[in-house]
Amino acid sequence: MTLLQWLVAATTSALVLWVAFLQWRTAQQKAVHELYNDRFRIYEVVKNCVDQVRINPENFDNERQKEFLKAKNEAYFFFGADVQDYLERLRKDLTTVYDTTRLQATTADRDQAISLISKFDEDGQPKFAKYMQFPQTVPIGIWQRFKRLGKFM
């Protein structure tokens, strides 16, 4: 009887530990997903501002500039120094474009700023991408493992 009680207690403890591990893993994955969503939202605002300048620099208005500044300030908490430095440079270029439309900067400065902004896909996107990758993969479930084994047999 004592052996049976010990086995039941050990099995129950093992199941409780397994459920606790699965809950911890789910919470960890949820946190990673939420972080990704926050980072992607910031990236989208920056990309929309860059696209607006590419399409029609004259339509880059005060409202877009405010959106960009808000995203830049939020990015401080979600990205590293490399993205911060890039966003500061981008802010200066966007300000030059904005000031040119208001006749406060020269056309040559504007053209150079638009040229730098247009390199977002080459310069900025890889900086953001480094932070947008998931650090771990989704574990393969037991049924997928059996399916894979069936393919090799």
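Where the second residue is part of a helix (DSSP H, G or I) and modelled with pLDDT of 80 or more and the first is within 19 Å of Arg91 (Cβ to Cβ) and among the small types (Gly, Ala, Ser) and lies in segment 101-115, which pairs have Cβ atoms under 8 Å and are six or more apart or on separate chains?
Matching pairs, first to second residue: Ala105/Thr96; Ala113/Lys92; Ala113/Asp93; Ala113/Leu94; Ala113/Thr96; Ala113/Val97.
Taking the conditions exactly as written (closer than 20 Å to Val32 by Cβ, at pLDDT 90 or above and not small (Gly, Ala, Ser)), does Phe68 satisfy them or not?
It is false that Phe68 is closer than 20 Å to Val32 by Cβ, at pLDDT 90 or above and not small (Gly, Ala, Ser).
For (1) of a type in the set (S, T, N, Q); (2) under 20 Å from Gln65 (Cβ atoms); (3) surrounded by fewer than 11 Cβ atoms within 10 Å (Cβ to Cβ); (4) at pLDDT 75 or above, each residue gets a yes or a no:
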residue	(1), (2), (3), (4)
Thr100	yes, yes, no, no
Leu116	no, yes, no, yes
Gln125	yes, no, no, yes
Phe146	no, no, yes, no
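Given the condition surrounded by fewer than 14 Cβ atoms within 10 Å (Cβ to Cβ), in contact with a Phe, Trp or Tyr (Cβ under 9 Å, 6 or more places away or on another chain) and free of Cβ contacts under 8 Å to residues at least 24 places away in the same chain, answer yes or no: does some residue in segment 25-40 qualify?
Within segment 25-40 (the criterion being surrounded by fewer than 14 Cβ atoms within 10 Å (Cβ to Cβ), in contact with a Phe, Trp or Tyr (Cβ under 9 Å, 6 or more places away or on another chain) and free of Cβ contacts under 8 Å to residues at least 24 places away in the same chain), the answer is yes, since at least one residue qualifies.
Quick test for you: out of Ala9, Ala31, pick the one residue that is under 18 Å from the mean Cα position of the chain (by Cα) and of a type in the set (Gly, Ala, Ser).
Residue meeting the stated conditions: Ala31.
Test of understanding: among Phe21, Phe78, Phe60, Phe68, which residue is aromatic (Phe, Trp, Tyr), over 17 Å from Phe120 (Cβ atoms) and surrounded by 12 or more Cβ atoms within 10 Å (Cβ to Cβ)?
Phe78 is the lone residue from the list that is aromatic (Phe, Trp, Tyr), over 17 Å from Phe120 (Cβ atoms) and surrounded by 12 or more Cβ atoms within 10 Å (Cβ to Cβ).
The values are calculated or read from the model by the stated rules, or taken from the named source; none is laboratory data. Keep in mind the model is a prediction, meaning the values are calculated, not measured. No Cβ is skipped: glycine too gets one built from the backbone with ideal geometry, and neighbour counts run over all protein chains shown.
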